[in-house]
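Notes to accompany the following structure.
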Amino acid sequence: MALRSISVSQLSAYIKRLMASDPILSGVIVRGEISKLVRHSSGHLYFTLKDEGSRLSCFLPSDRAASLRYELSDGMEILAIGSVSLYERGGYYSLNVRDVEVEGEGALSRAFENLKRKLEAEGLFDPSRKKKLPASPKRIAVVTSPTGAAVRDIISTLRRRDPLADVIVYPCLVQGEGAAASIAAAIEDINRGGVFSGVDLMIVGRGGGSAEDLWAFNEEIVARAIYASQIPVISAVGHENDYLISDMAADVRAATPTAAAELASPDIAQLRYRMELSSPGRMFLFLDDSLASAQRRAERAFESAGLYAVSRIESDARRLEALKAQLDSAHPLKALEAGFVYATDAAGRMIRSAAEALPGQELTLHFADGEAEVTVKGA
């Protein structure tokens, strides 16, 4: 029996539909090395993902590129997450990338250097704009995890050295997805004042960990929040050998969280010793009484820090639920369900105006319940 002939376009459209319906190709994770990276003026990224035996064309839209945690460059080993689609006009397939994760310490190091060069060129690390720390801060805000060892070391050191200082713990995520945004939001919130009015020094940091564990403090959003802070910031992340983007953006870098507390506070015991050498006995008694009262206040504040942390986390959870509801209501699918349609070209790029649609061009119309392939007759 003779087979019925079909056109090249019909075959390409059929193959494209097969790719779109394949559960693996519609949500694949591909490992490879970036090469021929091109940044379009629109913000889109085009690059080739390669290994020893093959190459794959990749497209990353501008909105996804803007939200990446890492600054991409040629030679980086990455995991590209997305869907495979056929470009019908050219007859080749490509990976439409939704997200990127770097692979290995080498790629992390490259991403670190890329962001470092970018921010350094913008002046975020300029020594001339760094603020001096107050000699005797009255109110210190600590931005870190409320449950880690770092917060205990910082508070105990501050209590010992300067029990007169008021210490506020602002709990936030310090590791994993959403940590960088959580840290940046805390810094911005403290700068806005409100319940944090009167803060004259901020410690931002966490204890040690792997390069991936500490990566939130290497993200651009944290560096920019530190740079924009009107309150002096001490960065205190990890150990002596850990040097991060937040350290470069901060006014002062401390080797450890404990060292940050020492930099933040005068040693009252030393001050009292010097006063004892030159002050009347009555001043000794007055100072002892004041220190004892301050010590009791500091202990109460320390005990209430945990309750405050729980309250703050619950408040943030409620706020996130409200934001999620707003986002759900603004989701593009809502518009499609109302009868709206949008079009994309063969590479998956959205057509935003009639001027972008060329006669003879193959487009895909997206409805709420499916898609339709069309050919542009005129524009």
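Just a few scattered comments:
- The requirement of being modelled with pLDDT of 85 or more and basic (K, R) is satisfied by R224.
- Odd one out for G53 among (1) modelled with pLDDT of 90 or more; (2) farther than 22 Å from E88 by Cβ: (1)
- A search for C-beta distances below 6 Å between a residue of the stretch 104-116 that is closer than 14 Å to I34 by Cα and any residue that is at pLDDT below 80 and of a type in the set (S, T, Y), counting only pairs 6+ apart in sequence or on different chains, returns A111/Y70.
- Applying the criterion of being assigned to a loop (DSSP other than H, G, I, E, B) and of a type outside the set (A, V, I, L, M) to the residues of the stretch 329-345, the residue that is modelled with the highest pLDDT is D345.
- Evaluating M248 against the criteria (1) in contact with a Phe, Trp or Tyr (Cβ under 8 Å, 6 or more places away or on another chain); (2) buried (at least 21 other Cβ atoms within 10 Å of the Cβ) leaves one unmet condition, (2).
- Of all residues in the stretch 218-233, those that are in the same structural domain as E188 (by TED's automatic domain parsing) have Cβ atoms under 6 Å from Cβ atoms of residues that are acidic (D, E), 6 or more apart or on another chain, in A225/E188; P232/D251; V233/D251.
- Top-ranked residue of the stretch 118-138 - restricted to ones that are within 24 Å of the chain's Cα centre (by Cα) and assigned to a loop (DSSP other than H, G, I, E, B), ranked as nearest to D200 (Cα to Cα): K130
- Residue satisfying all of: in the stretch 179-229; assigned to a helix (DSSP H, G or I) and among the β-branched types (V, I, T); surrounded by the fewest Cβ atoms within 10 Å (Cβ to Cβ) among these: V195
The values are calculated or read from the model by the stated rules, or taken from the named source; none is laboratory data. The shown structure was predicted, so the numbers you read here are calculated from the model rather than taken from an experiment. When we count neighbours, we look across all protein chains shown, and the Cβ atoms used for this are built from the backbone with ideal geometry, even at glycine.
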